[in-house]
There are 2 protein chains.
Amino acid sequence: MSKAAIVGGGVIGGGWAARFLLNGWDVAVFDLDPEAERKISAVLTNARRSLPSLYDRALPPEGRLTFHADLAEAIDGADWVQESVSERLEVKLRVYREISRHAPDLLIGSSTSGFKASELTSEGAKVVVVHPFNPVYLLPLIELSGDPALCARAEILVRSIGMYPLTLRKENDAFIGNRFQEAVWREALWMIRDGYATTAEVDEAIRLGFGLRWGQMGMFETYRIAGGEAGFESYLAQFGPSLSWPWSKLTDVPELDDALVRQITSQSDAQSGMRSIRELEQMRDDNLVGFIRSLRHSGTAAGKVVLDHEAGLPEGGDHLGLPITSSRQVPQTWTDYNGHMNEACYLEAGSWATDGLMRRIGVDAAYISSGYSFFTVDTRLRYLAEVHAGDRLTITTQVLAGEGRKMQLFHRIWRGDGVLSATIETLLLHTDLASRRSCPPMPAVADRLAELHAAHAGMSAEGAGGAVGDRG
Amino acid sequence: MSKAAIVGGGVIGGGWAARFLLNGWDVAVFDLDPEAERKISAVLTNARRSLPSLYDRALPPEGRLTFHADLAEAIDGADWVQESVSERLEVKLRVYREISRHAPDLLIGSSTSGFKASELTSEGAKVVVVHPFNPVYLLPLIELSGDPALCARAEILVRSIGMYPLTLRKENDAFIGNRFQEAVWREALWMIRDGYATTAEVDEAIRLGFGLRWGQMGMFETYRIAGGEAGFESYLAQFGPSLSWPWSKLTDVPELDDALVRQITSQSDAQSGMRSIRELEQMRDDNLVGFIRSLRHSGTAAGKVVLDHEAGLPEGGDHLGLPITSSRQVPQTWTDYNGHMNEACYLEAGSWATDGLMRRIGVDAAYISSGYSFFTVDTRLRYLAEVHAGDRLTITTQVLAGEGRKMQLFHRIWRGDGVLSATIETLLLHTDLASRRSCPPMPAVADRLAELHAAHAGMSAEGAGGAVGDRG
């Protein structure tokens, strides 16, 4: 079990705490704010309903969360310190001095979005910039900067908790992401101030247009497409000249005076004031989960980060004498207007269990690439108890038949509270992917399937074998 | 049947042609480039596989596409002209003069991203700026600018083809979206030139971080959350000062000289050159479809635009004597590693058909808000033929039972080529959403269900009533 010390328990520190806890780390929080526990608990509530939803496999059991008013106590035995105190250099340096005094070799990541690593290491502490984006528990990007050897250690750490380290080539004010955001922010302030657009209109202009492109490809790959087969050079030739057009206000910075502040806040109230911050957070998180889950399908961008992380998560085990072929948390995106898991998502869960069973008998990605798979031909689902977003599901699989081309499986979907929520009986045929015709599996697969069938043959399969509407 | 004339058949003109065609409009393209037909056909191929995938209801039958070397012929009988010729004012004005000569009252939308409406109307033609974002067939944003009465007509038009008009409050160089993109573009050019990041690193910094936030909430609503319960003012107080920090290079514009062009193109080749433009387009489109489909779940941003549009699409009809309860195209996101529609998506399709049947008997959104719905308790799916991305599905529903609390349905999923690809037999119980217990439906619903049952009772239901593995 690893331990992270979180120094500074605001929204960012809380996001780090959640990211570590949900990846199985123990977390010790140091913050003198009496509200820290309440604030972190609120972040953790959001994280618990969203981060596990990115994955189609269960995350490790949650670590232990403790709060400390003493820094030395918080960092005792820690493998990592993440500092997220306020953006004042003297405060940060004081924290580092104190940490170094107790544990001179402890690696410290700073969440700073403004200070360079060279400024932070002036006291000799082992500090690297480990700059996250809010919500820390969902967004994968980390901007890393500092001593190369320390950065290399930090890279391994952030990958292990499902994040993507982007190590900066050289020190850079505001790193990369915030420089871009800052540029747009200033431009937007001018637009509001000059009455060209309201805050709501600015947001629509972003989220209904280029924002959708940027979330999956960024800017250069998007523009590369615009250049067409002629290559990126043709794009630059076509659009380069507009760089010198006087479109942007950015040669100047608007004064954020009272009038502009009032203008922005009242527009923002009109746009979003009907929803509480908590509601907005949950909407944001549900949408982020939806985006990232959809990127799993193409295996690109944030979807690739999740898939890479998921591949290392443990699977397997047994429950009531049957193999656990899938365990997971139910994403918000699986619920419907009846306030529970949609009927089709039971089958999606079952589909993961079929995949899990297939991997157990050797039908893995390599086997499928070799040209063979199983195709489902007949399936019956019995819905026995409602399932809700956030519920943990454990699916066991009993092999009812496994001879020749046929594989008949019986999945039981167990809710975290031990209630059997559904059974899925499914018949598959081993198939040649080239001819799309059924054929016998390779001998090794047939043997392992037969073994499982023999082991499960004597067990009850109550609820299998009937027609729709049959009891039992 | 409405008709759109597309003047200028490049990537943007092609995107418009596809958007109109797939929404049932006839489209006449005028472009003197002998490659226009090939180029538009390539865009149309991409659009056909992605735009219908945003919807869970079929779009109208595709309109007719014609190509013309004569402008007067192309605009003859048109309800709308969309001009997407090159960004040279004298070329655009010549086109408008020619159109006005033949049809002085015809409304012309210009796809310009640079010229103001006042510049375009200098010849007296009825021109408004109708500025789209690429790919035009997927991204909903339209920036509208010009005479208010003409803009009002244009708003109705773009809504009718599933887009979102953002009408500018006053004329503005580069409108809104491109001003933001331009700001980031310049900042990125500096970063590349100064060696802080490669094009790939810039894209990761965007798509793994704030890009995911912007695609669903934009900037102001995102930052509002960062302000917390204290309101937006507290955010401005906290982050406002950094505006005057020297983070941004934007007080200056980098020269796009040969060295910088070579640097960018070689980095872009290293980042994306292993994929053809066609492959990148399809990846972009699949990801956009995934994003927008995921936003349907929360009903926000681009998801809301699609839902609003979908609500007006026709539904219903009969096929082989049974009601059509759902018709749709199969999204790319519904396919799996076997190269066909995933087993769970058959049930998702069936779930839409159950909803369609429920609406027919009066169990609509209002009925469900009144506290009652149907819950599925038992379902069997027989997989009879493979279904692929882009296939059109028509689902009919036969009522097998409809007395008391029980409703037993038999869905048949017909592929566009007339092949029966699956049957779904499903038993539902009418349920009180407060107590989560079954109860009889309201009399009006019970009557309509009984009528359908009586009408379908004499019909064959081959394939219903069996257990998993039963033939027939």
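The values are calculated or read from the model by the stated rules, or taken from the named source; none is laboratory data. Treat the numbers as computed from the prediction; the structure is a model and nothing was measured. Cβ coordinates were reconstructed from backbone atoms using ideal geometry, including for glycine residues, and neighbour counts include every protein chain displayed. Areas reflect the complete protein model, heavy atoms only, side chains present, ligands, DNA and RNA absent. Shrake-Rupley method; radii C 1.70, N 1.55, O 1.52, S 1.80 Å.
Place the peptides A:15-28, B:458-471, A:169-182 in order of packing, highest mean first, counting for every residue the other Cβ atoms within 10 Å and averaging per peptide.
Working: A:15-28: 24.9, B:458-471: 14.4, A:169-182: 20.1.
Top of the packing list down: A:15-28, A:169-182, B:458-471.
Solvent-accessible surface, computed for protein heavy atoms with a probe of 1.4 Å, shrinks by 50 Å² or more for the following residues of the range B:304-345 when the other protein chains are added to the isolated chain: B:337, B:338, B:343, B:344.
When the Cα atoms of chain B are aligned to their principal axes, the ranges along those axes come out at 75, 59, 45 Å in descending order.
For chain B, the longest principal axis of the alpha carbon atoms and the long axis of helix B:36-50 meet at an angle near 40°. Peptide B:422-434 has a mean of 2 when you count, residue by residue, the C-beta atoms of other protein chains within 10 Å of its C-beta. Residues in the range A:430-472 average 58 Å² of solvent-accessible surface per residue, probe 1.4 Å, ligands and nucleic acids excluded. Just to confirm my numbers, what's the Cα centroid distance between the range B:393-434 and the range A:60-118 in Å? After rounding, the separation between the Cα centres reads 59 Å.
Seen against the Cα atoms of chain B and their longest principal axis, helix B:177-193 is set at about 60 degrees.
Sorted shortest first, the separations between the residue B:89 label point and its copies elsewhere in the assembly read 4.9 nm; each point sits 7 Å from Cα along the Cα-to-Cβ line.
I'd like to compare B:199-210, B:418-429: which one has the highest average count of other Cβ atoms within 10 Å, and what's the full order after that? Numbers along the way, then the final one.
Details: B:199-210: 25.7, B:418-429: 20.7.
Put in order of decreasing packing, that is B:199-210, B:418-429.
At a probe of 1.4 Å, how much accessible area disappears from chains B and A on forming the pair, both sides counted, to the nearest 100 Å²? Please list the in-between numbers first.
Details: alone 24370 and 24410 Å², together 34420 Å².
About 14400 Å² of accessible surface is lost on pairing.
Rounded to the nearest whole Å², what accessible area per residue is found for the range B:3-167 with the 1.4 Å probe? Working shown, then result.
Details: 5800 Å² over 165 residues.
Solvent-accessible surface per residue comes out at 35 Å².
Accessible surface ranking for A:105, B:257, A:432, B:56, 1.4 angstrom probe, highest first: A:105, B:257, A:432, B:56.
Quick check on the protein assembly as shown: of the DSSP beta bridges with both residues there, what percent are antiparallel, nearest 5%?
Working: 90 of 136 bridges.
Antiparallel: roughly 65 percent of the beta bridges in the protein assembly as shown.
Taking every residue in A:223-233 and counting other chain Cβ atoms within 10 Å of its Cβ, the average works out to 6.
Per residue of B:168-178, how many C-beta atoms from partner chains lie within 10 Å of its own C-beta, taken as a mean?
Working: counts 4, 7, 4, 1, 6, 6, 5, 4, 11, 8, 6.
Other-chain Cβ atoms within 10 Å of each residue's Cβ, averaged: 6.
Put simply, the convex hull of the Cα atoms in the range B:315-456 casts, on average, a shadow of 8.6 nm². Once backbone amide H atoms are built at 1.01 Å from N, residue A:161 has no partners under 5 Å, excluding neighbours fewer than 5 places away on the same chain. Note that the range B:264-381 carries a Kirkwood radius of 17.6 Å, evaluated over its alpha carbons pair by pair. Approximating the spin labels as points 7 Å out from Cα along Cα→Cβ, the residue B:279-to-residue B:94 distance works out to 4.0 nm. Rg/Rh for the range B:3-167 (Cα atoms only, Rh after Kirkwood) is 0.93. A straight Cα-to-Cα reach below 15 Å connects residue A:92 with the aspartates and glutamates A:31, A:83, A:119, A:123, residues fewer than 8 places away in its own chain not being considered.
Round to a whole number: what % of the accessible area of the range A:3-167 belongs to carbon and sulfur, probe 1.4 Å? Don't skip to the answer; put the middle values down first.
Details: 3050 of 5820 Å².
Here it works out to 52 percent.
With angles folded into 0 to 90 degrees, how steeply does helix B:148-160 sit against the dominant principal axis of chain B? Use alpha carbons for both and round to 10. That helix lies at roughly 40 degrees to the long axis. Rounded to the nearest Hz, the phi-derived 3J(HN,Hα) couplings of the range B:2-10 under the Karplus curve 6.51 cos²θ - 1.76 cosθ + 1.60 (θ = phi - 60°) are 9, 10, 10, 9, 9, 9, x, x, x, where x marks glycine and proline. All C-alpha to C-alpha distances of the protein assembly as shown, sorted into 20 Å bins beginning at zero, yield P(r) values of 13, 42, 35, 10, 0 percent in whole numbers. Where a ≥ b ≥ c are the square roots of the eigenvalues of the C-alpha gyration tensor, would you call the range A:283-348 rounded, which needs a/c under 1.5, or, failing that, prolate if a/b is larger than b/c, or oblate? Verdict is oblate for the range A:283-348.
Each copy carries a label point for residue B:1 at 7 Å from Cα along the beta-carbon vector; from one copy to the others these points are 7.2 nm apart, nearest first. Ignoring ligands, DNA and RNA, what percent of the accessible area of the range B:315-456 is carbon or sulfur (1.4 Å)? Carbon and sulfur: 53 percent of the exposed surface of the range B:315-456.
Under 5 Å from the amide H of residue B:166 lie the amide H atoms of B:142, B:143, B:144, each residue being 5 or more positions distant or on a separate chain, with H modelled from the backbone and absent for Pro and chain starts.
In the context of the full set of protein chains, residues of the range A:299-401 present 32 Å² of accessible surface per residue (probe radius 1.4 Å, heavy atoms only).
Any idea what % of Cα-Cα pairs in the range B:147-242 are farther than 21 Å? Walk me through the intermediate numbers first.
Values: 2648 of 4560 pairs.
Here the tail beyond 21 Å accounts for 58 percent of pairs.
Return the lysines within reach of residue B:3: Cα separation strictly under 19 angstrom, same-chain partners fewer than 8 residues apart disregarded; answer none if there are no such residues. Cα-Cα hits under 19 Å: B:126. For the range B:114-156, the Stokes-Einstein estimate of translational diffusion at 25 °C and a viscosity of 0.890 mPa s comes to 222 µm²/s, using the Kirkwood hydrodynamic radius over alpha-carbon pairs.
Label-point spacing at residue A:311 relative to the other copies reads 4.4 nm, in ascending order, each point sitting 7 Å out from Cα along Cα→Cβ.
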